[in-house]
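The values are calculated or read from the model by the stated rules, or taken from the named source; none is laboratory data. Computed from a prediction, not measured in an experiment: that's the story for all the values here. A quick note on method: Cβ atoms are made from the backbone with ideal geometry, for glycine too, and the neighbour counts reach across all protein chains shown. These area figures cover heavy atoms from the full protein model, side chains too; ligands, DNA and RNA do not enter into them. Shrake-Rupley method; radii C 1.70, N 1.55, O 1.52, S 1.80 Å.
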Amino acid sequence: MDRIELISLPNGIRVVLEPMPYVKTAAFGVFVGVGSVCETKENNGISHMIEHMLFKGTEDRSAKELADITARLGDTVNAYTGKEYTAYYGVTIAEELPRLIEVLADMLQHSVFDSRALSKEKGVICEEIDMYNNSPDDLVHELAQKRAWQGHPLSFQISGTKGVVRAMTREKILTYYRKEYRPERMVLSVAGAFDKNEIMESLEKTFCPAGQSVSASLKKEGLMPDGRYQKYYGNQAKKRAGQEGVPVQDRQPAEYTRSFSKSVQDTSQLHMNLVFPGISYMDEKRHIATVFQSIFGGSNNSLLFQKIREEEGLAYAVYSYGCPYAREGLVHIDAVSAPNQAEAVFDYTMEVCESLRETVVSEETLATHKALIRTEAILSKESVQSRMEGNGRSVLLRGRVIPQEEELVRIEAVTAEEVKQFARQVLCTEKMSICLVGEMGSAGRRLRRKFERLGGRAIK
């Protein structure tokens, strides 16, 4: 069995190592506890902008030179921004791992944020925003989240709005970057074939040069007052949501708002997203939630898919998924159908919800979905990239790597009665929200009336 180690560099950056000596590749990632939940309305999208700008040149390398180097490493270097964290990563052959580490360290610590490149990138990001807004699949999810978490940073679109993006200045971006990209918020994750001593030497040399703490250098610049590390990361840390620098675990929880919302678009289909308040990824019921999601709508063998797609033939796509965060979560049901079939899809969905709330699933169904979860979990761990990403996220968000077997043992212990009770907790129609995107016809009016009969107040 592979041994996972968690180590800290002198400046407080956490390192998680998982050796896989039987492979010939290695993956490296940097996970930073900064995302759109750390932003305000005035700077929404700035975390995503920084992610883009770190690829646009450093003090010693132009954007083209970075592209040339990453191509020679396998052209896998990439990044993404989420609600609660940002990740930079790459996969390469084992002997090139130190080079990959050095390049990512250069990008994270020595990017120049060139003004001309920034101007161009604003245009690229505005195009990206338009792309999402013109995609019903993406828009229905974004709009549902925006309504559910009204007024809280969790409601922000990760890429921001075009007006805010265009107004960003180099100075504001640099100030935010220097304040948020601190060692105590970073996790370095390595998985694959590597020599531990060599890689630790490489990580310390590139991410902690001469033992210098980045926090100390920021104090010298007046960007972080003395003692702020303890104030932010002590057990008694109490900071208001929306403030820059608030760790995701210490921010104010978002309050769920029930709503009916819609966006009319010229499409041939209607995208319907039903939303319920769920649980956080720190909740002890997360293993029950995993089994519940698989049974409810997480696979082709789920109740929703079998009833609406296979038996009734009403929708090409119908599934459920969870969106857990540090302090709260949502359960979504997504269905795509012809507008004139949307009401029937909704009615059958409510039937499935009631059945799962009131009836204990069979032991055969329970065993089938546990086997499915186990198989998917093991398959997902076959690549060096998936192990690197899973370990990095787990340490950043939960503080430790939870062994896969520990998780699977807890999954196996879930009972059918626990699934039923979880369904009763989550699938409450009096708390359900509805979001519609696409061609409405009369379906929008009929679904709104159903929503209001369930006790909802429509939001135009």
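Checked against (1) in a strand (DSSP E or B); (2) exposed (fewer than 14 other Cβ atoms within 10 Å of the Cβ); (3) not basic (Lys, Arg), Val437 passes all but a single condition, namely (2). Here is the figure for the stretch 278-316: residues that are touching a Lys or Arg at 6+ places or on another chain (Cβ under 8 Å), under 20 Å from Phe346 (Cβ atoms) and open to solvent by 20 Å² or more (accessible area, probe 1.4 Å) total 1.
The condition of being modelled with pLDDT of 95 or more, surrounded by 15 or more Cβ atoms within 10 Å (Cβ to Cβ) and more than 30 Å from the chain's Cα centre (by Cα) holds for only one of Glu343, Glu364, that being Glu343. Within the stretch 155-178, can you find the residues that are in contact (Cβ under 8 Å) with a residue 40 or more places away in the chain, under 22 Å from the mean Cα position of the chain (by Cα) and open to solvent by 50 Å² or more (accessible area, probe 1.4 Å)? Of everything in the stretch 155-178, just one residue is in contact (Cβ under 8 Å) with a residue 40 or more places away in the chain, under 22 Å from the mean Cα position of the chain (by Cα) and open to solvent by 50 Å² or more (accessible area, probe 1.4 Å), namely Thr161.
Going by the conditions given, is Thr70 among the polar types (S, T, N, Q), assigned to a helix (DSSP H, G or I) and closer than 21 Å to Gly192 by Cα? It is true that Thr70 is among the polar types (S, T, N, Q), assigned to a helix (DSSP H, G or I) and closer than 21 Å to Gly192 by Cα.
Out of all the residues in the stretch 24-58, which are part of a helix (DSSP H, G or I) and over 16 Å from Arg178 (Cβ atoms)? Across the stretch 24-58, the qualifying residues are Ser36, Val37, His48, His52. Just one of the listed residues (Ile46, Ile50, Ile125) is among the β-branched types (Val, Ile, Thr), touching a helix residue (DSSP H, G or I) at 6+ places or on another chain (Cβ under 7 Å) and surrounded by fewer than 22 Cβ atoms within 10 Å (Cβ to Cβ), namely Ile125. Residues in the stretch 48-106 that are farther than 18 Å from Met186 by Cα and among the acidic types (Asp, Glu): Glu59, Asp60, Glu65, Asp68, Asp75, Glu95, Glu96.
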